[in-house]
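Below is one structure, written out as structure tokens, with a few remarks after it.
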Amino acid sequence: MHEQNEQMASPEVVSKPARRSLKSFFGAQDMTENSPISCLVKFSMPLLIGNVAQQLYNTVDSIVVGQYVGDAALAAVGASGPILNLLLVLFIGIATGGSIMVSQYFGAKQKEALSHTVGMVITLNLICSLMIMIVGPLITRPLMSLMNTPPDVYEMACTYLVIVFVGIAGLAYYNILSGVLRGLGDSVSPLIFLLVACGLNIVLDILFVAVFRWNVAGVAWATVISQTISGILCFLRLLSMREVVTINLQMLKLKKDMVKQILKLGLPSGLSQAIFSLASLVVQSLTNSFGTLVIACATVLMRVDGFAMMPNFTFGTAMTTFSGQNIGAGKLERVHKGVRSGLILAVSVAVVLTSSILIFGRPLMGMFTKTQEVVDLGMQMMGILALGYVCMGITQVFCGTMQGAGDTITPMLISFTTTVVIRVPLAYGLAWMTRSPELPTGSPISLYISLLVSWVLGAVLAFFFYKRGKWRRKAITVSASQD
């Protein structure tokens, strides 16, 4: 049908070269051909812009709350983050396992297996969404109490979390289905859908908070509604890609072997996120002990940190897709060339972006709060973390490559070591060592020195395990295993 339409189109309406150009731009990208660096740049640019838009969700939330409600509300949004991330581990596992299988089956040109994988991801996501909608609101208050959340923050944080959990399906489907699209090499469509949702989120934030005075609840509803829209758009995009993947009721039925494969690949990443989230809960408890001012500072820094981290996560995702497709196609040497290109891109962009944040960070942080002490403390902490962003870029490239090959255990072990073994004990140890009459719970600088140390160690471990090479034997596709 597509070919007939192409032949019938008149030159003055849509030319064949224009059609091919549009299809190349919006369609699935085959990363097994052309130079690795050009593939990574073409794939990464829409993804990077998309990550900027994704970060704007949280950033606009924080700006609107900080300016219209106050520092306590800003702290409430930040304090809720670790709990939300903890309950998202199931979705992260499904998304990771599904995207690895999608990229490898796409590279191996196995359409039926690819279609079944996408169907399994959609069904599993629905099951997990229903679970979180029930469990999330029930455990919100106990967890917030365990984290020593200050009284002026507690109620607002609980309200924010309950609303987000009720609407979790929209958020989950966008993140999972956009991951599937990226596994197919399409990083443009998720970007467009996210930009639409981001614009809607900004409008709703201002409407619900500044006009309707719904405070933190308004921010939560704006996020839920806009994320749901982006999830629906991703699903419609998948339905339209009939030349690449088939989605019907038959494909949505759970198949034991494929579900096991998705969980086998994805659960280590989910556990890695769970480990990180649990550690974040412990560190958040330490952060809360420093008071509302430090919590607000940590929230502002987390938003700015999100922009500094974007290139790292972008190139990590790009390397997962690049590695998966090329291993699926049996092109291992091309994977190594891609890693070299990925390192050049990741380190270069991290240096430029981090330098810019150090130069312009003060007015940037001033957008979130009117409290000068919060801005001053934030700039001090950002100076400590600067080198860590370059190290995280290196870690993401190596770990993304290993994940694309199907080795999700090694990145999990790296995360466990750097977060649980190193960061948490070091943060509490430094806080204890810096106690004084003026700082009875210690210095908040301990939070960020411990984070920097864990990032540096993560880069060292990721390089070691990449060079060790066991990830090469993790491919799931026939063509790769025969290479």
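Do any of Lys111/Lys331; Lys256/Lys467; Lys42/Lys253; Lys42/Lys370; Lys253/Lys337; Lys42/Lys255 go past 30 Å between their Cα atoms, and which?
Lys256/Lys467; Lys42/Lys253; Lys42/Lys370; Lys253/Lys337; Lys42/Lys255
Not counting ligands, DNA or RNA, and with a 1.4 Å probe, what is Cys297's accessible surface area in Å² rounded to the nearest 10?
Surface open to solvent at Cys297 totals about 0 Å².
Once the whole set of protein chains is in place, how much accessible area is left on Ile192, using a 1.4 Å probe, in Å² to the nearest 10?
In the full protein context, Ile192 sits at about 70 Å².
Please give the direction-averaged projected area of the C-alpha convex hull for the chain, in square nanometres with one decimal.
The number I arrive at for the chain is 23.1 nm².
On the accessible surface of region 60-178, probed at 1.4 Å, how many percent belong to carbon and sulfur atoms?
It is 71 percent, rounded to a whole number.
To the nearest 10 square angstrom, what accessible area does Ser145 show with a 1.4 Å probe?
So the heavy atoms of Ser145 present about 70 Å² to solvent.
Where Rh denotes the Kirkwood radius from the mean inverse Cα pair distance, what is Rg over Rh for region 261-392?
That ratio is 1.07, to two decimals.
Pop out the Kirkwood hydrodynamic radius of region 104-187 from its pairwise C-alpha distances, inverse of mean 1/r, in Å to one decimal.
For region 104-187, the Kirkwood estimate is 15.1 Å.
Considering only Thr401, Phe91, Tyr448, whose Cα is most displaced toward the positive end of the charge dipole of the chain, charges sitting on Cβ of Lys, Arg (+1) and Asp, Glu (-1)?
Farthest along the dipole direction, towards plus: Thr401.
Working with all protein chains in place, sort Trp221, Trp455 by solvent-accessible area computed with a 1.4 Å probe, largest first.
The residues order as Trp221, Trp455, largest area first.
Debye sum, Cα scatterers, region 266-325, no solvent: what log₁₀ I/I(0) at q = 0.15, 0.22, 0.24 1/Å?
Calculated log10 I(q)/I(0) at the listed q: -0.66, -1.01, -1.05.
At what distance in angstrom do the alpha carbon centres of region 373-446 and region 149-212 lie from each other?
Computed from Cα coordinates, the inter-centre distance equals 26 Å.
The values are calculated or read from the model by the stated rules, or taken from the named source; none is laboratory data. This structure is a prediction, so every number in the text was calculated from the model and none was measured. So basically every Cβ, Gly included, is an ideal-geometry build from the backbone, and we count neighbours across all protein chains shown. Heavy atoms of the whole protein, side chains included, go into the accessibility calculation; ligands, DNA and RNA do not. Shrake-Rupley method; radii C 1.70, N 1.55, O 1.52, S 1.80 Å.
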